[in-house]
């Protein structure tokens, strides 16, 4: 266990990474966002796994590809960790509080107990019966919560007069107050759920876009730098090829004996139809293959000025 803790102590915190690049996420325009059609945890793991090899080529990227955005490349790890943060945030936002039904049952029982005690006290002239006329009734979660809070307040307000004659104890009254507050809180969280999920979904989409765009730029840079070695796809594999390999009908990766899609090839289309286009555009296919789009030599690379 100590060994694991020692190794993990050097890992970055996803919340810190998210804070560092939050402004970059906010800077994206809504019309720049593309639909997520990849398994997010798988994409995270893939990129984090190849980052050491990508970073080993960083100096060559900066030197041999003048227009390659090294500043953005240096943020790739933070972008990936931020994507993990937004994925976790979305999962949590999508989970409703799991204690609603038990809370309603407990609150309903406590409401009936306090109401019965208050009625008994009112018959003995120790509790104002008009206060009971203001109760909402037991139909509806909010009504139960409001009634429980109202009964607690009314009994606490006259506690000095009723304490010796009430069946309810001080501890029970405090517990009823807590249960009523908790029930109202859970109801509020559930009502805000759709808005929270929508906000978390958009943040994850923004993080995904930054990850995809930055990683695809890095892949194109690697494709040029390693064009003679022919190992670009093993250094920076296509996220779509990796995803396909994890499905029931896997697509072979480079080195399997079956050609893998080229780095500049179109991404596999999702089930809905269209594939993802990277924000900002990828390098022209002709430039990767050796001829620039304008007909000139592409030997200087896809990011040449």
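Values in this text are rule-based calculations from the coordinates and carry no lab data. As the structure is a computational prediction, the values presented were derived from the model and not from experiment. Virtual Cβ from ideal backbone geometry, glycine too; neighbours counted across all protein chains shown.
Just to be sure before I move on: is residue 150 more than 35 Å from the chain's Cα centre (by Cα), surrounded by 17 or more Cβ atoms within 10 Å (Cβ to Cβ) and free of Cβ contacts under 8 Å to residues at least 40 places away in the same chain in the structure I sent?
yes
For region 170-186: of the residues being over 16 Å from residue 118 (Cβ atoms) and under 34 Å from the mean Cα position of the chain (by Cα), which is surrounded by the most Cβ atoms within 10 Å (Cβ to Cβ)?
Per the stated criteria, the residue is 183.
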